[in-house]
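Rule-based calculations on the coordinates, nothing more; no lab input. Only a predicted model underlies this, so the values are computations on that prediction, with no experimental measurement involved. Positions of Cβ are generated from backbone atoms using ideal geometry, with glycine treated the same way; all protein chains shown enter the neighbour counts.
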Amino acid sequence: MSNYTMFRASVNSRLPDNVVMLTRDLAETLGLNDAEPVYFHVGQHKQRLLISTRNSDKLKMKLAANSSLLKKLYLTPERNYGIKKDMKGLHLGPVVGISAEIFSDSGRPFGNQGFFFQQLLKAGEELGEICFVFNSNSIKWNNGTVIGYIYGAKGWVRKSFPLPDVIYPRERAYAVNHNYRKRLEKIGVRFFNPPLVDKWGTHQIMKKNSDMAKYLPETHLIRNFNQVDMMVKKYHAVYLKPTTGARGKNIIKVTRRKNSSGFEYQYEINNLIIKGNAPSISRLQGALKKVMGNRSYIVQQQINLLRLDGNIIDVRILVQKNDLGKWETTGIACRQGRRGSITSNISSGGSGRKLDTVLQRHFENEEQRLKIMEEICYLAIESAKTLEKSIGQSGEMGVDIGIDNEGQVWFIETNLRPARHVFLLIGEQETRLRSVEMPMMYLRYLAGFISKER
């Protein structure tokens, strides 16, 4: 049985400022009596109000207050909301904040994430949540409010909201200033995902799980370029990846030259493919200095990934928690790198392909194809569970998995801020919509609004 119910907010101008009227069915569902004082919690805001009950055959599951009080409760008339009762009183919503960078363009304050945020807000509204998008710099600590954005007929609108029950962090920055996060957690705000963990940290966590070991390519944190030399000798080709990189940026492929000593390398800058060669490991290090800078890097054995039309393919699996707090696989898609690219990233010009199409092109045996799909699904969920045990409670992850020419499945990396665009590229609009709804459902669960078991 769910521990919350839904109600519809309405205006009753005859009610005094400290009274909330509930229809009899709603009052009975919540176990409330007429003239009973109760605390109403909206996010981190609370106020003590009196309950008034009303018998009505026409009105069902309604909550009414005068327009001033409705505004103080952050409720919009003629909209549905969630409500639950516990030892502290009544909780509305819940209140969900989506944290993000804000850009100077007032018409597009969230840049390319604007449409995604509109979809999140719509999904949250349909679930009865009080939702808004905000930036951590907009928090007013002195009165416990935050300036947030909602989307309406005239575009993005700024409004004041209470500090939320739960937050969905969508900042682009890899190492956001987490002081605000710690401050909010101290007063009971819960976060959908923990702070991001880098590639080397992820590899170390996965390596501790014996069930994951066979899926991990050999990986080392680069402390000197002799490690790169050793790995190239062992595997012929390796990838150098920044530990905190995203979207395939600054990734380098290094290969031992076939007919002479020395190395060949390739990387991309602004979608321009750069190739070169170096006669020695020291010259290689010098040649790569301009792309590597002072960033921390890992060196990883090259996986002989499947190719389609000569371009490399990997698999993106979006795993998300549902409204019962259980991991599910929301969607699976293949990403195909653009011609000549060493990565499959969509942002670098890659495209999408359906997994079954790719597998049918490479493996004739249906039993083998089914085994690969089962292993991919297992690896995605197992890697999410493994990472969560170390970094803290998580709500979603984009898991990147490689398949080699023999059908061996490999873990590549996880992303705690996964993109969803690839599902549109393969024509799976329903998967894309589901991927937007799932976080809002889990945020409701995270706030303590628990759905009934299915």
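Structure summary
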read-out: GluC sites (Glu not before Pro) lying in DSSP loop within the range 344-412, provided at most 11 other Cβ fall within 10 Å; value: GLU364, GLU406
read-out: Estimated distance in nm for a label pair at LEU424 and VAL11, the labels positioned 7 Å out from Cα along Cα-to-Cβ; value: 3.7 nm
read-out: Unit charges on C-beta of K, R, D, E only; dipole of the range 190-261, Debye; value: 220 debye
read-out: Centroid-to-centroid separation of the range 376-406 and the range 130-203 [C-alpha atoms, Å]; value: 25 Å
read-out: Of LYS84/LYS159; LYS84/LYS122; LYS289/LYS385; LYS58/LYS88, those spanning more than 27 Å from alpha-carbon to alpha-carbon; value: LYS289/LYS385; LYS58/LYS88
read-out: Listed residue (LEU15, ASN112, ILE403) projecting farthest to the positive dipole end of the chain, Cβ model; value: ASN112
read-out: Around GLY155: net Lys/Arg minus Asp/Glu count, Cβ-Cβ under 12 Å; value: +2
read-out: Chymotrypsin sites (Phe, Trp or Tyr not before Pro) restricted to DSSP loop in the range 67-120 with at most 15 other C-beta within 10 Å; value: PHE103
read-out: Charge sum, other residues only, whose C-beta stays under 14 Å from LEU433's C-beta, Lys/Arg counted +1 and Asp/Glu -1; value: 0
read-out: Whole-Å semi-axes of the ellipsoid equivalent to the chain (Cα gyration tensor, √5λ, descending); value: 50, 23, 19
read-out: Relative pair counts by distance (%), Cα atoms of the range 95-191, 5 Å bins; value: 3, 13, 26, 27, 19, 10, 2, 0
read-out: The range 218-301 pair-distance distribution - Cα-Cα, 5 Å bins, rounded %; value: 3, 15, 30, 28, 17, 6, 1
read-out: Within the range 210-249: backbone nitrogen closer than 17 Å to the SER280 label point (7 Å, Cα to C-beta); value: 225-230
read-out: Given charges at Cβ of Lys, Arg, Asp, Glu: the chain dipole, positive-most of VAL197, LEU424, ILE381; value: VAL197
read-out: Cβ crowding within 10 Å averaged over residues, with 203-214, 131-142 ranked highest first; value: 131-142, 203-214
read-out: In degrees, nearest ten, helix 429-446 long axis to first principal axis of the chain (Cα); value: 60 degrees
